[in-house]
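Each reported figure results from applying straightforward, stated rules to the coordinates on display, with no laboratory input. Treat the numbers as computed from the prediction; the structure is a model and nothing was measured. Glycine also receives a Cβ, built like all others from the backbone with ideal geometry; neighbour counts cover every protein chain displayed.
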Amino acid sequence: MIAIRLAEAAGDSDRDQLTSDIFADRYLIKRPLLQALEPDINGAPVLLIDELDRADEAFEAYLLEILSDFQVTIPELGTVKAPSPPIVIITSNRTREIHDALKRRCLYHWVDYPAADRELAIVKSRVPGISAKLSEQVVAFVQKLRDQDFYKSPGVAETIDWATALTELDARSLTPQMVGDTLGALLKYQDDIQRMQGDLLTKTIKDATSH
């Protein structure tokens, strides 16, 4: 816009020349998709498209050209094609189904919740101030929650958030009062929180702290 205004102020009335100047590579802001198609002396770039299911279907359709031909067509500039294909990693939480045309261009790998020992190692590395006893109880409690039929089970990110909150509150072990006050760090839907009350909450805490 600044270039257009300067050209108008200078009395430049050649629209064809102005269009040619404006639609040029120097005015193109290269976001991650275009950056991934550029040559890299270190080898093939890695392009992460995280939680594609949260994007709209128009963007999903736009990716088909990139994933099939590793190129992007820009009407005003032409086609940008990768000299060597990037390594593309796409994640989805399945809040909606990804189109079959996109799935055919991918190798599928299911990533499940980590086992208790793996999750415990993650918590200890991300929440260094947590005690050994509390970290074990936190992981055991979350693992028990995932056995329930909740609308959304807590992921590893929620485990870390909860462990951090408990540490900040100087908790030493899980108690019904402490868990009840902080359950919103784990469960993000009111129906799930209401279900996790009373006898079920007491039993889950007992199971998690009995080791």
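In segment 95-211, Cα pairs under 8 Å separated by at least six residues give a relative contact order of 28 percent. Take the Cα of D100, go 7 Å toward its beta carbon, and none of the backbone nitrogen atoms of segment 53-75 fall under 12 Å from that spot. Simple spin-label estimate for S84 and K206 gives 6.1 nm between the two label positions (7 Å along the Cα-to-Cβ direction from each Cα).
In terms of other Cβ atoms within 10 Å, V138, V111, V72 run from fewest to most in the order V111, V72, V138. Compared with the dominant Cα axis of the chain, that is its longest principal axis, helix 132-145 is turned about 80°. Placing R0 at 41 angstrom, the Cβ-Cβ distance between I193 and D25 gives a FRET efficiency of 0.20 after rounding to 0.05. Between the Cα long axis of helix 57-69 and the first principal axis of the chain there is an angle of about 70°, rounded to the nearest 10. For the residue pairs K133/K203; K30/K81; K124/K152; K133/K206; K103/K152, the alpha carbons lie more than 21 Å apart in K124/K152; K103/K152.
The structure-derived value of Cα Rg over 2.2 N^0.38 Å appears in the list (i) 0.97; (ii) 1.04; (iii) 1.52 under the label (iii). Rounded to the nearest 500, the 222 nm mean residue ellipticity of the chain from helices alone is -13500 deg cm²/dmol, with -39,500 (n - 2.57) taken per DSSP H run of at least 4 residues. For the chain, the longest principal axis of the Cα atoms and the long axis of helix 116-126 meet at an angle of about 70 degrees. Rounded to the nearest 5, what % of DSSP beta bridges with both residues in the chain are antiparallel? Bridges in the chain that DSSP calls antiparallel: roughly 50 percent.
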